[in-house]
1. With respect to residue 78, is the statement that it is of a type outside the set (Asp, Glu) and on the phi > 0 side of the Ramachandran plot true?
2. Going by what's in this entry, would residue 69 be described as surrounded by fewer than 17 Cβ atoms within 10 Å (Cβ to Cβ) and farther than 30 Å from residue 13 by Cβ?
3. Name, by its number, the condition in (1) polar (S, T, N, Q); (2) touching a helix residue (DSSP H, G or I) at 6+ places or on another chain (Cβ under 9 Å); (3) over 28 Å from residue 10 (Cα atoms) that does not hold for residue 23.
4. Restricting attention to segment 32-45, report how many residues are surrounded by fewer than 22 Cβ atoms within 10 Å (Cβ to Cβ) and more than 16 Å from residue 20 (Cα to Cα).
5. Considering only segment 9-35, state which residues are within 16 Å of residue 124 (Cβ to Cβ), touching a residue at least 12 places away in the same chain (Cβ under 8 Å) and outside any loop (DSSP other than H, G, I, E, B).
6. Name the one entry in 53, 82, 113 that is of a type in the set (Gly, Ala, Ser) and touching an Asp or Glu at 6+ places or on another chain (Cβ under 8 Å).
7. Go over the candidates 20, 38, 12, 84 one by one and state the one that is out of contact with any strand residue (DSSP E or B) (no Cβ under 6 Å at 6 or more places or on another chain) and farther than 13 Å from residue 115 by Cβ.
8. What do you reckon, is residue 64 within 22 Å of residue 123 (Cβ to Cβ) and either at pLDDT 90 or above or in contact with an Asp or Glu (Cβ under 6 Å, 6 or more places away or on another chain) (or both)?
Amino acid sequence: MTKRIEFADDSYEISYDDGYLDTLLDNLGIEPAASKNYVKRIVVYFSASPKCAKNAYLKVAEEDGLIYNTVVMSIKRGLDNAVYNGKLKNIDDLLQGSVYDYDYGFTNKEFIALICDYLQNHGYLNVKPLLNNR
């Protein structure tokens, strides 16, 4: 799947494997469906603006007519469910070394960054900056 997005005055074309991302999040236990949908979109948008995760949250909130905190809390609920159902620890199978902290888990941003980095490193997500016509 390919998306064109704009953050501030910059435009990007982001190509990613939507099916693979879906399966990945299912295997990590991200649920309910609304939380998984937000995680997917935040991962894609974060890939274009990794220095400021808030941009990705704000973009998704704006698209859905929501406030920022609604998106943040929905993703947190998805992560909490993944911890509760025991599937989030499967992230250790994806990444070299142990990254899952059984006592602490992940913050939203840590999780988004890990998934984004994994997808980019394995060729499932690519970002291409576009030149703006000014």
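1. no
2. no
3. The one condition residue 23 does not meet is (2).
4. The number of residues fulfilling the criteria is 2.
5. Once the filter is applied, which keeps residues that are within 16 Å of residue 124 (Cβ to Cβ), touching a residue at least 12 places away in the same chain (Cβ under 8 Å) and outside any loop (DSSP other than H, G, I, E, B), segment 9-35 yields 13, 14, 15, 16, 18, 20, 21, 22, 24, 25, 27.
6. 82
7. 84
8. It is false that residue 64 is within 22 Å of residue 123 (Cβ to Cβ) and either at pLDDT 90 or above or in contact with an Asp or Glu (Cβ under 6 Å, 6 or more places away or on another chain) (or both).
The values are calculated or read from the model by the stated rules, or taken from the named source; none is laboratory data. The structure displayed is predicted, hence computed values, not measured ones. When we count neighbours, we look across all protein chains shown, and the Cβ atoms used for this are built from the backbone with ideal geometry, even at glycine.
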